[in-house]
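Just below is one structure, and these are the notes that go with it.
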Amino acid sequence: MKFLITGGSGFIGSALIRYLIKNTKHQVLNLDKLTYAGNQESLKVVEKCQFYNFIKQDICELDQLKLIFDDFKPNVVLHLAAESHVDRSIDDPSEFIKTNIFGTYKLLEASRYFWQSLNVNMQSNFLFHHISTDEVYGDLQHQDDFFVETNAYKPSSPYSASKASSDHLVRAWYRTYGLPAIITNCSNNYGPFQFPEKFIPHIILNAISGKPLPIYGNGLQIRDWLHVEDHAKALTKVALEGKIGETYNIGGNNEIKNIDVVNMLCELLEEMVPNKPHGVNKYKDLICFVKDRPGHDERYAINTSKIKQDLGWAPEKNFENGLRETVSWYLKNNIWWERVLGSDYLLDRIGNVV
């Protein structure tokens, strides 16, 4: 089979490509614009593989997309290209509207034109798989509530609103044109190769640099953490076995308060990096609470019953072990994140709590 993956040089996309190349014989074409969050070094282990190819491409350019579709002839489109950082969306929503909404529209149109050109048999072997977020559901008000696939959409940030919009577009193209489509909504991802402005790597790198560990509000916000390698396996499972027209929620079954994640990271660093920066007695001393983010959701939690029952998928990574592995990866791969930070990111930027 032929997999066309948008945003394949990003955090989740690169994990998916590494998994596909390592564990399958499917052909993979990575389309990525290579914005600040796209990094080709995350794919060095596969870049010379005969099953992998890369094209630098903006998904907003429909004519170019059509040419690529006609040339590659994908069986599956996995759409991961997106602007995804909530703080950036609050500062400037424009790129989120452009990429997440307009870009998804262009990709849907390219997919539709290509799909409609196929014979009936080939049409039945085509899939548009849209990767989205649990943030489209908004905020859970009660501790015994969980996001299920039928929840109403109540996005809080410009980012989540743009992703909700893209989900609606995908459903409309499935309903109106019959384009075979599936949507997955995932919880917060963590693991190796994540861009350093995200919560967990931001805390790790600030701590070992002796910089403040900023926590929004009281730090009691709850997130469900999903290891990116578990997510990659789930996406592959859905793409190959999922039912057309369905939505599947993908979560890690790890509900943890933000402040507890930070404390866990500090404890791991006490063990793994005992030689602290000058002036730091304990890593936890670097924790500071800052003004809460506008529209900050209090709790996300995913019910994964549907994907478990229908497709037999469940997360494999234990959060404590996964977090330890993640800290170890960042400590061993300073060349990777130093190059990333040297491009356009300031490590001391305040406010990166999800």
Those residues that are closer than 30 Å to S111 by Cα, modelled with pLDDT of 95 or more and hydrophobic (A, V, I, L, M, F, W, C), I need them from segment 175-207; list them, please. L179, A181, I182, I183, C186, F193
Between a first residue in segment 21-39 that is free of Cβ contacts under 8 Å to residues at least 24 places away in the same chain and a second residue that is among the basic types (K, R) and buried (at least 16 other Cβ atoms within 10 Å of the Cβ), which pairs have beta carbons less than 6 Å apart while being 6 or more apart in sequence or on different chains? none
Inside segment 1-20, can you point out the residues that are buried (at least 24 other Cβ atoms within 10 Å of the Cβ), aromatic (F, W, Y) and either more than 15 Å from V77 (Cα to Cα) or without any contact (Cβ under 8 Å) to a residue 60 or more places away in the chain (or both)? F11
Report yes if L108 is in a helix (DSSP H, G or I), within 21 Å of H130 (Cα to Cα) and not small (G, A, S), otherwise no. yes
Every residue in segment 244-287 that is loosely packed, with under 14 Cβ neighbours inside 10 Å, touching a helix residue (DSSP H, G or I) at 6+ places or on another chain (Cβ under 8 Å) and closer than 30 Å to A152 by Cβ, please. G245
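So which residues in segment 230-287 are outside any helix (DSSP H, G or I) and without any contact (Cβ under 8 Å) to a residue 24 or more places away in the chain, if there are any at all?
P274, N275, N281, K282
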Return the residue satisfying two criteria in turn: it lies in segment 82-109 and is within 11 Å of S157 (Cα to Cα) and among the β-branched types (V, I, T), and of such residues it is surrounded by the fewest Cβ atoms within 10 Å (Cβ to Cβ). I90
When you go through (1) outside any loop (DSSP other than H, G, I, E, B); (2) closer than 30 Å to S157 by Cα one by one for D292, which number turns out not to apply? (1)
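Being under 29 Å from L331 (Cβ atoms), out of contact with any Lys or Arg (no Cβ under 7 Å at 6 or more places or on another chain) and not aliphatic (A, V, I, L, M) narrows it down to one of P315, P294, so name that one.
Going through P315, P294 in turn, just one is under 29 Å from L331 (Cβ atoms), out of contact with any Lys or Arg (no Cβ under 7 Å at 6 or more places or on another chain) and not aliphatic (A, V, I, L, M): P315.
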Residue in segment 215-223 that is within 25 Å of F319 (Cα to Cα), among the small types (G, A, S) and either over 19 Å from the mean Cα position of the chain (by Cα) or at pLDDT below 95 (or both) present: yes
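When you go through V238, V170 one by one, which is the residue that is buried (at least 23 other Cβ atoms within 10 Å of the Cβ), of a type in the set (A, V, I, L, M, F, W, C) and over 16 Å from the mean Cα position of the chain (by Cα)?
Only one candidate passes the filter, namely V170.
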Restricting segment 193-221 to residues that are in a loop (DSSP other than H, G, I, E, B) and hydrophobic (A, V, I, L, M, F, W, C), which is surrounded by the fewest Cβ atoms within 10 Å (Cβ to Cβ)? L220
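Identify, please: which residue in segment 51-62 is of a type outside the set (D, E, K, R) and out of contact with any strand residue (DSSP E or B) (no Cβ under 9 Å at 6 or more places or on another chain) and is, among those, surrounded by the most Cβ atoms within 10 Å (Cβ to Cβ)?
Taking the candidates together, the pick is C60.
The values are calculated or read from the model by the stated rules, or taken from the named source; none is laboratory data. What you are looking at is a predicted structure, and each value in this text was computed from that prediction instead of being measured. For neighbour counting, all protein chains shown are included, and Cβ atoms are generated from backbone atoms with ideal geometry for every residue, glycine included.
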